[in-house]
1. Could you work out the relative contact order of chain A? I mean the mean sequence separation of Cα pairs under 8 Å and 6+ apart, divided by the number of residues, in percent.
2. Quick one: which residues, 5 or more positions from B:GLY133 or on another chain, have an amide H under 5 Å from its amide H? H modelled 1.01 Å from N in the peptide plane, none for Pro or chain starts.
3. Could you put B:ARG34, B:ARG177 in order, starting from the residue whose Cβ has the fewest other Cβ atoms within 10 Å?
4. Percent relative contact order of segment B:1-91, based on C-alpha pairs within less than 8 angstrom and at least six residues apart?
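Every number in this text was worked out from the coordinates using simple rules, so none of it is lab data. Remember, it's a predicted structure, so these values are computed and weren't measured experimentally. Using ideal geometry, Cβ is built from the backbone for each residue, glycine included, and neighbour counts are taken over all protein chains shown.
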Amino acid sequence: MSISGNWYLVVSAILFSIGAVGLLVRKSVLVMFMCIELMLNAVNLAFVTYARMLNDIAGQVVVFFVLVVAAAEVVVGLGIIVSIYRSRRGTTADDLHILHG
Amino acid sequence: MITMLANVTVPDATVFVIASLIIIGGALGVVLNRNPVHGALCLVATLFGVALTFLEQNADFLAAVQVIVYGGAIVVLFLFVIMLLGVDKSEGLGKEPLKLQRFLAVIVGCGLLATILILAHINWATGATSASGPVSSTTTPNINLLANSIFTSYLLPFEATAALLVIAVVGAVVLARRRTVVVSDSFESPSDSQDVIHDPDGDSGASDSGQDEESGVSDSASGTSDDGHPQIDRLFEGNEEPQDTEEEESLT
């Protein structure tokens with residue numbers, strides 16, 4: 001018998017929390033993006049785990065769509081970062097103070 | 001805890017423990033590394049660990065896609081941008097202006113973890129299984145089941161992702177394109193505009209943020225009011241010049 005799904009959910013929760021803390025702590029926008037990827041992976045892991053626990057393929061389909069959305073998000077986000085770097089000469093969150101209104 | 005591990009075979013437990021260690025160690029490396037390049041490499045480790053858990057849970061196709069798309073495309077894109085911008089120097093957790101923020105972030109993270117674990121312990125799953133087909137069967141491999149589900153039940157979301165990818169590509173091209181100055185016939189010389197920009201810098205000893213905004217506003221205002229020539233993209237282009245001069249002034 002393989003590992004119970006609860007353990008995977010625990011790992012998923014820990015991974016999501018680490019990603020959330022990193023998103024709050026770090027200043028570099030690139031590292032913040034990586035932390036968002038960590039959180040997305042945690043959610044993917046939870047989806048696959050539930051797909052196995054409930055024996056339902058829909059969980060894996062959702063993971064497939066999350067992968068596509070993550071790829072699109074990274075492309076646009078990195079484009080924004082490059083654009084910001086051109087005008088601000090820096091990629092920390094402090095360089096985005098022009099957005100504060 | 002002991003009962004949950006009672007029936008587990010040794011290889012399964014070993015794979016799970018190794019995958020978990022890789023995942024959590026890689027995630028901590030992403031958060032704690034000063035160098036973004038090392039962080040990206042730790043992210044690769046985490047992604048491989050997640051792919052390992054996918055493999056162990058009957059998600060063969062997703063494990064392959066995880067390695068190819070995440071580890072092969074997204075992380076390489078990250079590394080491209082890191083090295084293209086040259087921000088791979090050590091700027092990390094050492095200098096943090098907000099002292100309280102890190103403490104609060106750790107508290108929020110622990111609260112989040114506790115909330116997730118409590119909610120997972122309540123077990124909201126209804127137990128209604130196989131709404132859209134089983135994950136694995138003895139006759140059909142996982143990839144066939146996944147493809148059947150994607151191309152029949154979830155065909156419309158699949159086509160929507162195609163539109164999403166096209167929009168993302170167009171957006172990336174628009175964002176990465178170097179902006180050209182769109183001016184029709186007569187163009188204000190750069191020296192004039194720089195004089196106008198330098199005025200608020202010399203007068204006011206405001207902070208960086210104030211200077212940037214003031215210079216941008218005065219630039220656009222001078223472009224329209226003084227000469228009467230509408231300048232469309234000067235506002236964005238003008239942001240580069242005062243930034244450089246300010247850096248030089250701060251250095252000297």
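1. Relative contact order comes out at 27 percent.
2. The answer is A:ILE57.
3. Values: B:ARG34 14, B:ARG177 10.
Taking fewest neighbouring Cβ atoms as first place, the list is B:ARG177, B:ARG34.
4. Numbers: 76 pairs, mean separation 25.2, N = 91.
Taking the mean separation of contacting Cα pairs over the length of segment B:1-91, I get 28 percent.
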